[in-house]
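This report concerns only the one structure given below.
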Amino acid sequence: MTKVIVMNEVGGADKMQVEDWDVPPPGAGEIKVRHEAIGLNFVDVLIREGHYDIPTPFVLGQEAAGVVTEVGAGVTEFKLGARVAYMGATGAFSEERNVAASIVFPIPDGVDFDTAAAITLKGMTVYYLFHMTHKLQPGETILFHGAAGGVGQIAVQWAKHIGATVIATVSSEEKVALARESGADYVIDNKTENFVERVKEITGGKGVDVVYDSVGKDTFQGSLDCLRTWGLMVNFGHSSGRVSIDDIFDTLAPKALYLARPILPTHYTDRQVALKAAAAMYDLAAKGVLKIKVGQRFPLTETAKAHVALENRQTIGSTIIDPR
């Protein structure tokens, strides 16, 4: 039997149940992974609330790192004892589970389990934002919202490694320091400053080349206002609510803006592309270019508390769920 966090019905964090489930032998094309560290992401909240059509009951969680304990028929890429990580497979909030080998990545030397669990989904997100949705160039200026969060801290470090100028927004004075530690050139505290006015001041009224916005409804119009002529708005999340556009002409045409709404799965349908992205991400982590800050840890049985903290913006950096 293995402990799992189950949704028998979708809803609030109070609907999350700790149960003991049997884990069968892995099927063809699957491996069984004993988790050593589990990542927490905002998509877990959205799935819990029912924004994705997943039949109940189901085990929550999208990202984890661990050790291969069994190998199913037809799997040749992974051996027993291999250190692996994965993302995008519901069921990670568990001590052990079966997962398709086709979405699993080998963890290289120099990357520990905590780092792998904290960086895989978030780092693969940043990779597609900076290398696929828009190939970020040295000298470009970007605005990145939520820079003290798990994705944000990785993004700021990666953007600086590329050679971009980074304007970051955060939601508290404490998080200002964290964004600066990650290397942001300018940090805006949304609680005390108007980010649109500050961006215009910083850029001399020109605006930024790209805005990366996972907040959604609360920041969308302001983000558009921060763009230069022919600038790109990348909306890759909606933690404050979904965005709707009443009139695309009035919204985008005055400055001939570009708008992208990418999602992670569409970028990694090709296994070789996904392996290339994962290798690049882990390599930067192993070299210390990407320093992963684990701001808080929760035991698996207290995953609901982790969800509440994430929803209330009480987390800093990445959160690890400990299955041990």
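Each value in this text was obtained by applying a stated rule to the coordinates, not by laboratory testing. Please read these numbers as outputs of a predicted model, since none were measured by experiment. Note: ideal-geometry Cβ built from the backbone for every residue, glycine included; neighbour counts use all protein chains shown.
Comparing Cα centroids, the stretch 136-187 and the stretch 1-48 end up 32 angstrom apart. Once the C-beta distance of LYS287 and GLN137 is scaled by a Förster radius of 25 Å, the resulting FRET efficiency is 0.70 to the nearest 0.05. With axes computed from alpha carbons, what is the tilt in degrees of helix 113-128 against the longest principal axis of the chain, rounded to the nearest 10 within 0 to 90? Compared with the principal axis, the helix lies near 50 degrees.
For LYS206 and GLN296, what is the calculated FRET efficiency with R₀ set at 35 Å and r taken between the beta-carbons, to the nearest 0.05? Efficiency computed from Cβ-Cβ geometry: 0.35.
Taking each of LYS15/LYS79; LYS175/LYS217; LYS122/LYS287; LYS175/LYS287; LYS122/LYS255 in turn, the alpha-carbon distance tops 28 angstrom for LYS15/LYS79; LYS122/LYS255. For the chain, the longest principal axis of the alpha carbon atoms and the long axis of helix 150-162 meet at an angle near 60°.
Each of THR125, THR301, THR133 was scored by other Cβ atoms within 10 Å of its Cβ. Listed from fewest to most, they are THR301, THR133, THR125. Exposure proxy for TRP230, TRP21, TRP158: other Cβ atoms within 10 Å of each Cβ, ordered fewest to most, give TRP230, TRP21, TRP158.
Report summary: the helix-based calculation at 222 nm, which adds -39500 (n - 2.57) for every DSSP H run with n ≥ 4 and divides by the residues of the chain, gives -8500 deg cm²/dmol. Comparing ARG97, ARG261, ARG83 in a Gaussian network model of the chain, where Cα atoms under 10 Å apart are tied by springs, the biggest mean-square fluctuation is seen for ARG261.
Tell me, TYR268, TYR186 in order of fewest to most beta-carbon neighbours within 10 Å?
Listed from fewest to most nearby Cβ atoms, that is TYR186, TYR268.
Could you please state, rounded to a whole Å, how far the C-alpha centre of the stretch 209-247 is from the C-alpha centre of the stretch 74-117? The two parts, judged by their Cα centres, are 34 Å apart.
At an R0 of 22 angstrom, the distance between the Cβ atoms of ASP53 and ASN8 translates into a FRET efficiency of 0.85. The label point for GLU19 and the one for SER240, both projected 7 Å from the Cα toward the Cβ, are 3.7 nm apart. Which log10 I(q)/I(0) values, to two decimals, does the stretch 138-261 give at q = 0.15, 0.20 Å⁻¹ under the Debye formula with one point per Cα? Values, matching the q order: -0.61, -1.12.
From the coordinates of this entry, Cα extents along the principal axes in Å is computed, and it appears in (1) 69, 45, 43; (2) 60, 39, 37; (3) 59, 43, 39 under the label (2).
The charge dipole of the stretch 138-261, taken about the Cα centre with unit charges on the Cβ atoms of Lys, Arg (+1) and Asp, Glu (-1), comes to about 220 debye, rounded to the nearest 20. Based on Cα contacts under 8 Å between residues 6+ apart, the chain shows a relative contact order of 17 percent.
Across the stretch 207-275, Cα-Cα pairs more than 15 Å apart make up 55 percent of the total.
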